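First the structure, in the form of structure tokens, and then the observations on it.
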Amino acid sequence: MPRLLSRVAVVLLAVATGSCAALFPREVSTAERLAVFPTSGLPLDHPVTIRWNAYQVPYVEAASDHDLAFALGLVHAHLRLAEIALAKRLSQGRLSELVGPFRAPAFDKAIRTLDVRHAAPAIVAAMPAGTRAYLQAFVDGLNFYQAQMRDLPPEFAPVADEGGQELQREDFTLEDIVAIGHIAGIDINWFPTIGLMRQRANADFETAYARTLQAGSGPTVSFDATQTSAFFDLLANSIRSGSNSFAVSPARSASGHALIASDPHLGVMLPNLWVMAGYSSPSYRGVGMMIPGTPFLAFGRTPDIAWGGTNMRAAHTDFYDVSHLAPDQIVSTTTRISRRLWTSEETVTRWATGIGPIMSDTMIMDGATKPGEEVAIRWIGHEPTDEITAILNASRTSTPQDFRAALKTFALPAQNFIYADARGDIAQITATMLPRRSFDVLPKSIVLDAADPAMRWSGILDPTELPWALNPADGFVASANNKPYDAEPGVPVGWFFSSDERIRRLRQLLSADDTVTLDELKAMQRDTVSLFVREMMPALREALDEAKAREIDPAFVDRLAAFDGDYRVDSVSAPAFEAFLYHLAPRVYGVELPENLPAYLSSWNGFGKAFAYDLKNLTAEKRIAAIRASVPLAASDAAPYATWGDMHRLEVAHALGAIPVIGGRFVYADVPTGGSRETVFKAAHGFQNARHATRYGSQARHVSDLGDLDENYFVLLGGNDGWIGSANFLDQIELWQTGGYIRMPLRPETIAAEYPTVMTLTR
């Protein structure tokens, strides 16, 4: 133990002294950052031009696809090397090497048991030669940039060992890139499913089960802190997702051309989980958002088409009881986890079956299994899918039919793609692979019997076999993580979807105007109206009158009753409503605190579906008692907060903010924000009666008018450059807050004018 303490002391000293570049980084100008970019001695076929705008957003112009991919690798390493290096180690279950023995070994064991990288070798081997060559060039660019760096990113220093050695440079491989995509594609349905498994012994389980299915409940607010660690949150922030995406037909747009808008919702952290870029080569031309470490636009615009998407929450995982499998049907492999600040390694044994890995002894499933129950998962992520080829091919199409056909090998993460093109077509395309089952999984059982052949998958449907919508009569398509179009009979799309609040609100807004403008799409992305509140306020006002609540505190009740459901940052009524809900909701269900609410109300989605009905159906005596008890408590709680922005904050922190001791050094902004749990402008939170920070919401925004090559606008929460201290590390936060955007044009002459810093790369 003294040896361990001494090691911790040494590291903390290193953090306090030698790691000041990370904790107290000097400011670095855009010009200084670009000055370190390698421009000569590069393995290129032809010279490459990179143009940069003031936000350090690049536009890459290459004469060959190989050169484009290599240059994009350089760009990604320049802007986000630390982020990509962390994602690689995350996918390998190697966080313990960075943060030591705290809780990371349990996380690493879960990732290694799941084996996110399982299908990566097969995927790479089966890739078309063109895709593999393009991906190899991208990886070569990543590795070239990393090898020539004199100074590594500031994040490499806080995880130095006791000798001051920074995080080591490691070459990236094609399999690493595939695995990074699979981390982002981990099935978010595991969390509500495993939550239900933990409740199977409870007396009210059947009620919880039925209500959860009825609500389509999902992990839309946060994960239970008792079931996760700070390091598990790194994964959670990567995979939990909501989003809005919608398109308007030419007949409904003011410009006479199709319009599109997208804003993905993810865990709020720095660097942003997206990077902005544009590029052109013989095969590829576009602008938009890329996932750091991947060589394609995840959403954006080409001259012909634009696309965005939302997580489909598809049913592509099943849980199986494999307790009775014969020993010869289970294969074990053993690896060792190295732990920083620790003298020993930890041995991890992975147990796998023909169905999939046994996950019941990992932190993911803590408390979820019955005595003697061993649970394995069958997950589409273990199949040899190929999302890279799919998106590369889709970005070169010009019709909705071809776009859909290009997605044939796409599975992760399951997407409701929203599509628009220059010809005027709009579409919603479901893109994932769904198992063929001879049963309805969840209505029948949460954990299936592996010994029953009828419980096994009988095949897999690809995206070209799933439903889609093309040019609907009402002139728009929209998705907000709601249930998409049903697949063929007997093929359930999923069971856990977001509340329908956002999709209904989007439909309200899109239907309200026959000539929608691009500015109106921008305003829709920042809409803060809650339909849940608007729809329940009449009943709540009646209940307040019934309870004669004004007799207790007339000023507070007037403040509460005036709430119009709009969570504007300057709303004076929103804090009163939230404080009142905090105290009222538990009492409606016979408990005193929100954390003690029944299991089927554990997510906001389930609560939103049930609360108004349950309040109305209380006996008058219980309803009056609950309201009168809640008013004075809520009035006291709300009093310090004049506006919603005073109570509801946006905390913007680096991913290293999760690390014990030093994490607080990586919090960069704490600002008032509007929005709420299921408003279109999502800024999610749980039950609140005090100042709080939202850690989940809109990370990026995009709008385009398909009638003009230059009318493409994007913004990030944070900045495009992931280098701590860079002038472009936080420079888009104000734009994001105020509804501003950065134009990313496609006309060469406009690009030349708006990307004034020109860099030429040569051999």
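The values are calculated or read from the model by the stated rules, or taken from the named source; none is laboratory data. In this text, all values refer to a predicted model and were calculated from it rather than measured experimentally. Cβ coordinates were reconstructed from backbone atoms using ideal geometry, including for glycine residues, and neighbour counts include every protein chain displayed.
Brief remarks on what is shown
- Residue selected from the range 566-606 under the condition assigned to a loop (DSSP other than H, G, I, E, B) and under 26 Å from the mean Cα position of the chain (by Cα), by the criterion farthest from Ala215 (Cα to Cα): Val569
Let's see how each residue does on (1) within 19 Å of Tyr419 (Cβ to Cβ); (2) touching a strand residue (DSSP E or B) at 6+ places or on another chain (Cβ under 9 Å); (3) surrounded by fewer than 24 Cβ atoms within 10 Å (Cβ to Cβ):
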residue: Leu270; (1), (2), (3): no, yes, no
residue: Ser280; (1), (2), (3): no, yes, yes
residue: Val287; (1), (2), (3): yes, yes, no
residue: Thr294; (1), (2), (3): no, no, yes
residue: Thr310; (1), (2), (3): yes, yes, no
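- Listed conditions (1) more than 27 Å from Ser249 (Cβ to Cβ); (2) part of a loop (DSSP other than H, G, I, E, B); (3) among the aliphatic types (A, V, I, L, M) are all met by Val493, apart from (1).
- Sole residue being modelled with pLDDT of 95 or more, among the small types (Gly, Ala, Ser), surrounded by 15 or more Cβ atoms within 10 Å (Cβ to Cβ) and over 30 Å from Val477 (Cα atoms), chosen from Ala579, Ala562: Ala579
- Applying a threshold of 6 Å to beta carbon distances and a minimum spacing of six or more residues, or different chains, the list of pairs starting in the range 501-514 at a residue that is in the same structural domain as Ala251 (by TED's automatic domain parsing) and ending at one that is surrounded by 14 or more Cβ atoms within 10 Å (Cβ to Cβ) and in a helix (DSSP H, G or I) reads Glu501/Leu531; Glu501/Phe532; Arg504/Leu531; Arg505/Leu531; Leu509/Met524.
- Taken over the range 277-307, the criterion of being in a loop (DSSP other than H, G, I, E, B) and under 28 Å from Lys682 (Cα atoms) is satisfied by Ile291, Pro292, Gly293, Thr294, Phe296, Leu297, Ala298, Thr302.
- Residue within the range 308-328 that is of a type in the set (A, V, I, L, M, F, W, C), over 22 Å from Ile188 (Cβ atoms) and not in a loop (DSSP other than H, G, I, E, B) present: no
- Pairs, first within 20 Å of Phe70 (Cα to Cα) in the range 747-762, second in a loop (DSSP other than H, G, I, E, B) and of a type in the set (Ser, Thr, Tyr), C-beta under 8 Å, six or more apart: Met759/Thr39; Thr760/Thr39; Leu761/Thr39; Leu761/Ser40; Thr762/Thr39; Thr762/Ser40
- Scanning the range 339-397 for residues that are at pLDDT 95 or above, surrounded by fewer than 20 Cβ atoms within 10 Å (Cβ to Cβ) and over 28 Å from Val322 (Cβ atoms) yields one hit, Arg396.
- Flag if Ile426 is surrounded by 20 or more Cβ atoms within 10 Å (Cβ to Cβ), in contact with a strand residue (DSSP E or B) (Cβ under 7 Å, 6 or more places away or on another chain) and of a type in the set (Val, Ile, Thr): yes
- The single condition among (1) part of a strand (DSSP E or B); (2) under 15 Å from Gly309 (Cα atoms) that Pro435 does not satisfy is (2).
- If you check Lys616, Lys622 for being modelled with pLDDT of 95 or more and surrounded by fewer than 19 Cβ atoms within 10 Å (Cβ to Cβ), only one passes: Lys622.
- Members of the range 469-490 that are closer than 26 Å to Phe681 by Cα and in a strand (DSSP E or B): Ala469, Phe476, Val477, Ala478, Ser479
- Residue within the range 99-116 that is buried (at least 21 other Cβ atoms within 10 Å of the Cβ), basic (Lys, Arg) and either within 23 Å of the chain's Cα centre (by Cα) or in the same structural domain as Ser64 (by TED's automatic domain parsing) (or both) present: yes
- Residue-level check: of (1) within 20 Å of Ala261 (Cβ to Cβ); (2) of a type in the set (Asp, Glu); (3) without any contact (Cβ under 8 Å) to a residue 24 or more places away in the chain, Asp558 misses just (1).
- Applying the condition of being in contact with a helix residue (DSSP H, G or I) (Cβ under 7 Å, 6 or more places away or on another chain) and among the β-branched types (Val, Ile, Thr) to the range 112-131 and asking which residue is nearest to Ser91 (Cα to Cα) yields Val116.
- Extreme residue, modelled with the highest pLDDT, among residues of the range 319-338 that are closer than 26 Å to Phe156 by Cα and surrounded by 13 or more Cβ atoms within 10 Å (Cβ to Cβ): Thr335
- Candidate set from the range 741-763 (those that are aliphatic (A, V, I, L, M) and within 25 Å of Ala700 (Cα to Cα)); member that is surrounded by the most Cβ atoms within 10 Å (Cβ to Cβ): Met744
- Residue identified as surrounded by fewer than 21 Cβ atoms within 10 Å (Cβ to Cβ), among the aliphatic types (A, V, I, L, M), modelled with pLDDT under 95 and not in a loop (DSSP other than H, G, I, E, B) among Ala203, Ala251, Ala210: Ala210
- Restricting Ala106, Ala125 to those that are under 30 Å from Val348 (Cα atoms) and touching a residue at least 40 places away in the same chain (Cβ under 8 Å) reduces the list to Ala106.
- Test result for Phe666, of a type in the set (Phe, Trp, Tyr), at pLDDT below 95, under 26 Å from Glu501 (Cα atoms) and surrounded by fewer than 24 Cβ atoms within 10 Å (Cβ to Cβ): no
- Residues in the range 438-458 that are within 19 Å of Ser323 (Cβ to Cβ), part of a loop (DSSP other than H, G, I, E, B) and among the small types (Gly, Ala, Ser): Ser445, Ala450, Ala451.
- Any chance Ala420 is surrounded by 19 or more Cβ atoms within 10 Å (Cβ to Cβ), of a type in the set (Gly, Ala, Ser) and closer than 30 Å to Ala126 by Cα: no
- The residue pairs whose first member lies in the range 66-77 and is within 17 Å of Ala129 (Cβ to Cβ), whose second member is of a type in the set (D, E, K, R) and not in a helix (DSSP H, G or I), and whose beta carbons are closer than 8 Å, counting only pairs six or more residues apart or on different chains, are His66/Asp45.
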